[in-house]
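Beneath this line is the structure, given in C-alpha cells, with notes to follow.
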Amino acid sequence: MNVRDFQTQLIHYAHSIGIDKIGFARATPFPDLKQRLLVQQQLGFASGFEEPDIEKRTEPELLLEHAQSIISIAIAYPSKMKDAPQSKRGARRGIFARASWGMDYHTVLREKLAQLEAFILIHVPDAKLKSMVDTGELSDRAVAERAGIGWSAKNCSIITPEFGSYVYLGEMLTTLPFEPSVPMEDECGDCRLCLDVCPTGALIEGGQLNAQRCIAFLTQTKTMIPQEFRAKIGNRIYGCDTCQTVCPKNKGKHTAHQQAFTPDPELVKPLLLPLVEHTNRTFKETYGHMSGAWRGKNPIQRNALIALVHFKEREAIPKFISILHEDPRPVMRGTAAWALGELESDEGTSALKLRLENEEDATVRSEIQLALTKGEN
C-alpha cells in the first residue's frame with residue numbers, strides 16, 4: 001500500500017463524514033509540553049481533571065506500542081444562537097458555555113473517530129489504533145498544534161484560520177507512518193486581550209492557565225466556590241467563554257453546519273429557578289445529552305443560586321430560605337446562606353438566625369455567620 005495515496009483517501013473520507021479539519025503528526029515525545037506540565041503541577045495550577053501521569057501525557061508510545069503517527073481532527077461548533085430568550089426580572093436565566101451547546105461533543109467526536117478507525121482497518125487490517133477525545137491521556141491541543149490544525153493561542157485554545165477557536169479536538173494514535181502536516185505560525189502577536197479581560201486573572205501569561213482560578217473549572221467543582229470568585233461567576237452556570245469572545249481571531253466566526261451542536265435556546269440559556277427544582281432523574285432527562293451535564297445537577301444548581309444573586313433577584317429569597325432549611329446538601333445550604341447575606345432582607349436574616357441554631361455542618365455554619373455579619377454592617 002502506498003501510504004501517501006492512502007493518506008489522501010483518508011483526508012477525503014474524513015471530510016465526507018463531517019470532520020472539518022484533519023492533520024497528521026509524528027508520534028514522538030512532547031518534551032516542551034512535559035516541562036510546561038511539570039511547572040503547572042509544581043505551581044498547583046492543574047485542574048485535577050487531567051490524566052495525572054505526565055509521562056503518559058507526553059510519551060505517545062506508552063499508550064500504543066510502535067506508534068508512528070497521530071491523526072488530529074477538529075469539528076467546528078457555533079458561536080451564536082437564534083432566538084435567544086431574554087433574562088428579565090422574575091424570569092432570570094443562566095448560560096451554558098458554547099462548548100456545551102447541542103449534543104455532547106465527546107459522543108460526536110468519538111463516533112467520527114470510530115468511523116475513521118473502521119475506514120483505516122478496511123484498507124490496513126493489521127494497523128493498530130487508539131482514539132481519544134478530551135478525557136484521554138494526550139493533550140488534544142499539543143497534538144493539534146503539531147498536526148497543523150491551528151496554533152496554540154495565549155488563551156490556551158487552538159485557533160484555526162477557518163473557525164477561530166470554536167472547534168472540538170480529538171486524536172488517534174496509529175502505527176501507520178503518515179506524512180506529518182506543517183505546523184502553523186503563531187498569529188497572536190502582541191495581542192493580550194484575553195489575558196487582560198479574564199474575570200479572575202486565571203490566564204497568568206500567554207499559554208499558561210491557573211485552572212484553579214478559571215471560571216470554566218470553578219463551575220464544574222462540587223464544593224463551595226471560594227468567596228473571592230462568587231461575584232465574578234455572573235450568570236454562568238457551566239463554563240466560560242470570555243477569553244474566546246474577546247479574541248480578534250474569533251470576530252465573525254460562526255459555523256452552523258454541524259447540526260449536532262445546534263443549541264436549544266431554552267436548554268443552553270435556562271430559567272434559573274426551575275433549574276434549581278430538578279431531581280437527578282429530571283435533570284438527566286433534560287440535560288443528560290449535553291457535555292455540561294457530566295458532573296450532574298449539583299454544581300449546576302449551586303451555580304444557579306450564584307447567578308440569581310448576580311441579578312439581585314429578590315424574588316428568589318423564599319427559595320433561598322427553603323434551601324437553607326430543607327436541602328440535604330451542605331453546598332446548597334451554604335450557598336443559599338451566602339445568597340441571603342448578599343440580598344439582605346428581614347426574612348433572610350431571621351431564616352439565617354433560625355438555621356444557625358440547628359446547622360451541624362461547619363462550613364455551612366461559617367457561611368451563615370458571615371452572612372449575618374454582612375447584615376450587621
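Values quoted throughout were computed directly from the atomic coordinates according to the rules given, and no laboratory measurement underlies them. As the structure is a prediction and not an experimental result, all values here were calculated from the model. Positions of Cβ are backbone-derived with ideal geometry, glycine not excepted, and every protein chain shown enters the neighbour counts.
Here is how the numbers come out for the structure above:
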item	result
Per DSSP, loop trypsin sites (Lys or Arg not before Pro) in the range 234-290 with at most 16 further Cβ within 10 Å	K251
Computed E for V197/K251 - FRET, C-beta separation, R0 22 angstrom, nearest 0.05	0.90
Span-rule helices in the chain, defined as complete DSSP H runs reaching 15 Å or more along the axis (Cα) with Kyte mean at least 0.0	105-123, 297-310, 330-343
Most mobile listed residue (G252, G334, G148) in the chain, GNM with C-alpha springs under 10 Å	G252
Fewest-first sequence of H106, H15 by Cβ atoms within 10 Å of each Cβ	H15, H106
Per-residue Cβ neighbour rank within 10 angstrom, fewest leading, W294, W151	W294, W151
Those GluC sites (Glu not before Pro) in the range 45-125 that DSSP places in a loop and that have at most 10 other beta carbons within 10 Å	E65
Rg in Å to one decimal, and Dmax rounded to a whole Å, for the chain via C-alpha atoms	23.0, 79
In the range 258-357, GluC sites (Glu not before Pro) in a DSSP loop with at most 15 other beta-carbon atoms within 10 Å	E277, E344
Neighbour-count order for K112, K34, fewest beta carbons within 10 angstrom listed first	K34, K112
Unmatched cysteines, the chain - criterion: no other Cβ of a Cys under 4.7 angstrom	C156, C188, C191, C198, C214, C240, C247
